[in-house]
1. So the check is Cβ under 7 Å with 6+ separation or different chains; which pairs have a first residue in the range 108-121 that's open to solvent by less than 40 Å² (accessible area, probe 1.4 Å) and a second one that's aromatic (Phe, Trp, Tyr)?
2. Restricting attention to the range 346-370, which residues are within 23 Å of GLN229 (Cα to Cα), free of Cβ contacts under 8 Å to residues at least 60 places away in the same chain, open to solvent by less than 50 Å² (accessible area, probe 1.4 Å) and assigned to a helix (DSSP H, G or I)?
3. Would you tally the residues in the range 131-145 being in contact (Cβ under 8 Å) with a residue 40 or more places away in the chain and either among the aliphatic types (A, V, I, L, M) or open to solvent by 20 Å² or more (accessible area, probe 1.4 Å) (or both)?
4. Would you check if GLU378 is more than 13 Å from the chain's Cα centre (by Cα), in contact (Cβ under 8 Å) with a residue 12 or more places away in the chain and open to solvent by less than 60 Å² (accessible area, probe 1.4 Å)?
5. For the structure I just gave you, tell me whether LYS318 is farther than 19 Å from ARG286 by Cβ and open to solvent by 40 Å² or more (accessible area, probe 1.4 Å).
6. Identify, from the list LEU373, LEU331, LEU394, the residue that is outside any helix (DSSP H, G or I) and aliphatic (A, V, I, L, M).
7. Take THR93 and tell me if it is more than 30 Å from SER157 (Cα to Cα), at pLDDT 70 or above and β-branched (Val, Ile, Thr).
8. With respect to SER385, determine if the residue is open to solvent by less than 50 Å² (accessible area, probe 1.4 Å) and assigned to a helix (DSSP H, G or I).
Amino acid sequence: MTASASSAAGAPAPDGRCRYVARQPVLSGDEKVFGYELLFRDGVENYFRESDSDHASRHTLDTSLQIGLEVLCDGRRGFINCTREVLLKDYMTLLPSPLAVAEVLENVPPDDLVIAALQRLKQAGYMVALDDFSLNDERAPLTDFADILKVDMRQTSMEDAAAIVKRYGPWKCRMLAEKVETREEFSAAKKAGFVYFQGFFFRRPEVLHAREIPANGLNYLRLLRAVSQTEVDVRELENIIKSEASVCYRLLRYLNSAAFGIHNEIHSIRHALTLLGEREVRRWVRLVATLTVGEKRSSELVVSAMVRARFCELLAPKVPHGESDLFLMGLLSMVDAILEIPMVRVVEAIPVDHQTKAVLLGAASQLRPLYDLMLARESGDWAASAQLSRQLSLSESEVAEAYWQAMQWARQLSAVG
């Protein structure tokens, strides 16, 4: 699945300052992250072509991509879209074989040169995936080298998808269902024999109207509500934290870590809150409440929530936002999926300002352009990202750098937990 590439800009500068990269998670059946499909603004084809004639540029690109794989994929697999040219010129071998998956695009013909290139990749230890595979796909000869077959669930009937699974899985290839948008589609694909899944199904809460928020979920909402008040009541906050053992543990562990830069030994909840100060207390509670409640959900949800929050916070000095807390807006944008409750119940429980409440509920808001920019960056919609950046008087490079910094920050933070 190739990202939209509306921009005609060339490959990123050799210094790597502008990193136009997005990622889409590939999840296992239990919703754990197996890897990520990496989406470059100009696509892998153009990305490599610029450096083909210059060994120095190729080396720089190689270094930046390896750093990118490690940061973007958190030590997991990175699916890289491959054109015929990329395969034939062995550009994939610039990437580390334990991390890289060569995703062969649907328009790559199964000719002898392509087959030879895939043989070389397999011998070198790379995984191979065939993108947008169909029931009577002309790339069928390439399945001898494929580890994973990706099936577009928007373009394939469930009957044909099940036939593909029967013909090529489970022993020959592992099956990946992409563009899975609902929980029902996820369940159906899983039942049909798919083992990996890609899409936004895991970000949309499966809500049963009779379901009550579990007790610990209420505690997390109480924490978020407490730090969203005009003045923080330290005693109330201390009591809520003490009532949730996992939050107490994370408080002491996080504040004793390098991530927060506090070098004193922390001996009590009150001591910790005093050392942090009101501004950092608000920030910390939001993070820890999100991290803790997300323990039973996909780690991608929690990391994405933190990336969104930090991205918005980094851009806050450069965009109009009134009295709204942009860090909180980014963080709350995924709390409904993490808690598995409707967003309307989230904003009812937390006294957020009118503009934040409106944008979270999909209504008109002063914050809408930044909110949409956040989503465009996350999904790799470069055309929308460029348009919204201009609307906010931001350069594409500073938006790209803010998102990159947010991803690095979230990765460091999640590693501590």
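The values are calculated or read from the model by the stated rules, or taken from the named source; none is laboratory data. Note that the coordinates shown come from a computational prediction; the quantities given were computed from them, not determined experimentally. Positions of Cβ are backbone-derived with ideal geometry, glycine not excepted, and every protein chain shown enters the neighbour counts. Note: areas computed on protein heavy atoms with side chains; ligands, DNA, RNA excluded. Shrake-Rupley method; radii C 1.70, N 1.55, O 1.52, S 1.80 Å.
1. Matching pairs, first to second residue: LEU118/PHE145.
2. Within the range 346-370, VAL347, THR356, ALA358, VAL359, LEU360 meet the criteria.
3. 1
4. Taking the combined requirement at face value, the residue does not satisfy it.
5. yes
6. Values: LEU373 fails: outside any helix (DSSP H, G or I); LEU331 fails: outside any helix (DSSP H, G or I).
Exactly one residue qualifies, and that residue is LEU394.
7. Answer is yes for this residue.
8. Values: open to solvent by less than 50 Å² (accessible area, probe 1.4 Å): yes; assigned to a helix (DSSP H, G or I): yes.
It is true that SER385 is open to solvent by less than 50 Å² (accessible area, probe 1.4 Å) and assigned to a helix (DSSP H, G or I).
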